[in-house]
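What follows is one structure encoded as structure tokens, with my remarks underneath.
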Amino acid sequence: MRLDDLRFFVRVATLANLSAAGREFGLSPSAASARLVTLEKSVGSQLMSRTTRSIALTEAGQVFKGHAEAALNEIDTAIDRMDETATEPRGHLKISCNMFFGRKHILPFLNEFTERYPKITLEMSFSDRLVDMIKEGYDLAIRAAKLPDSTLRARRLAGNPRVLCASPEYLARKGAPTCPDDLKKHDCIGVSFMPTWYFQGGNKEISCSIESSITGDTGDYAYDAALHGLGLTVKSVAHVWEDLRDGRLVEVMTDYPVARSGDVWAVYPPGNYTPSKITALIDFLRDKYGSPPYWETDYREARND
């Protein structure tokens, strides 16, 4: 039994798709099926029940999967630790991040990172979608939203407050809201995954169900819509700090700051040991961002001018 056989079996079980796992391993559908049959013969038990449309773990397969994952984790940990003691961090790092944050706060620093760690190769995926890290094989995800309860591990990279803002052209045309009730009289730029806006009013949180004048499905659309004067939007400071600083956008309703502002997190799969390639990138980004991060520093300086 080879390690690749165990890795292949675990991917088939995770994806619940023999062909998809086969493609990841460069196998044709017939070769993937043959590989699974060979593994089942070597352990002396049927691990998966298969039909033309579905595949599922048998009871024996469920037992075997748990032990296979534990064994692979121990082996990978041993390899990582040997690499770390013998050489610098190395390996392939598959990263998920939303488009704007990746473009503004990760890509500008990667040339320096790869010069410092030439044995680490990078694969970037930019999307507002929250990927399934285990199923899709990601090593690291950068998220600027509240983290759901999960078995994933996380390290905070930086703070990231949110603001309600609009372009000077919009404010000249419609005026600025001074309290949450005023939003009923304004054009609000809606985002499908954020139908409610939350503000802090004294000691209580105020929720506002937004009646949008325009709705879209990405944070980048809302940003562009605000710059073009289409209305008010809630944006993270990491997204709009330069626009606030340079006057392309204006923060409004400052007596009612946006509530539920999040932090920026590095999220990675569970395990007893964090590979040095992951730690290297997290520590590098934390150092680059600073504490407080440069986008917050610029934002605060602009507010005080």
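Structural remarks
- Translational diffusion coefficient of segment 91-186 (Stokes-Einstein, Kirkwood radius from Cα pairs, 10 °C, 1.306 mPa s): 95 µm²/s.
- For segment 1-159, diffusion coefficient by Stokes-Einstein and Kirkwood Rh (Cα), 25 °C, 0.890 mPa s, µm²/s: 135
- Accessible area of the chain belonging to carbon and sulfur atoms, whole % at 1.4 Å probe: 49
- Volume in Å³ per residue [convex hull over Cα atoms, computed for segment 197-305]: 165
- Long-range HN-HN contacts of L157 with modeled amide H, under 5 Å: V264, W265, A266
- Calculated from backbone phi, Karplus (6.51, -1.76, 1.60) coupling profile of segment 238-251 in Hz, x at Gly/Pro: 4, 7, 10, 4, 5, 5, 5, 5, 9, x, 6, 10, 10, 6
- Excluding ligands, DNA and RNA, the accessible surface per residue across segment 41-198 is 56 Å² with a 1.4 Å probe.
- Values [x] 1.02; [y] 0.98; [z] 1.07 are given for comparison; Rg/Rh (Cα atoms, Kirkwood Rh), derived from the coordinates here, is the one labelled [z].
- Between amide H atoms placed 1.01 Å from N, distances below 5 Å from T58 occur with M48, S49, all of them 5 or more places distant or on a separate chain.
- Choice from I206, I106, I95 showing the highest fluctuation, given a GNM over the chain with Cα pairs closer than 10 Å: I206
- Computed on protein heavy atoms with a 1.4 Å probe, the accessible areas place K119, K184 in the order K184, K119, largest first.
- Its DSSP H runs of at least 4 residues, each contributing -39,500 (n - 2.57), put the calculated 222 nm mean residue ellipticity of the chain at -13500 deg cm²/dmol, to the nearest 500.
- Cα-based shape type of segment 33-110, given that a ≥ b ≥ c are square roots of the gyration tensor eigenvalues and the cut on a/c is 1.5: oblate
- Potential lengthening between A60 and S209 on full extension [0.36 nm per residue; Cα-Cα distance subtracted]: 48.7 nm
- Residues in segment 68-79 carry Karplus couplings, in order, of 5, 4, 4, 5, 5, 5, 5, 5, 5, 4, 4, 5 Hz; the curve used is 6.51 cos²θ - 1.76 cosθ + 1.60 with θ = phi - 60°, and Gly or Pro positions show x.
- At R0 = 41 Å, FRET efficiency that the Cβ-Cβ distance of M1 and T218 yields, to 0.05: 0.35
- Net length gained if the chain between D287 and T77 were fully extended (0.36 nm per residue, minus Cα distance): 73.0 nm
- Contour minus Cα-Cα distance for H67 and F193 (0.36 nm per residue): 41.5 nm
- Net charge, R103 excluded, C-beta distance under 14 Å - Lys, Arg +1, Asp, Glu -1: -3
- Each residue, R129 and S45, gets one label point 7 Å from its Cα in the Cβ direction; the gap between the two is 3.5 nm.
- Computed from backbone phi, the HN-Hα couplings of segment 119-124 come to 8, 9, 9, 10, 10, 9 Hz, rounded to whole numbers (Karplus: 6.51 cos²θ - 1.76 cosθ + 1.60, θ = phi - 60°; Gly and Pro given as x).
The values are calculated or read from the model by the stated rules, or taken from the named source; none is laboratory data. Computed from a predicted structure; not experimentally measured. Neighbour counts are summed over all protein chains in view; Cβ atoms, including those assigned to glycine, are modelled from backbone coordinates with ideal geometry. The area values use the complete protein model at the heavy-atom level, side chains included, leaving out ligands, DNA and RNA. Shrake-Rupley method; radii C 1.70, N 1.55, O 1.52, S 1.80 Å.
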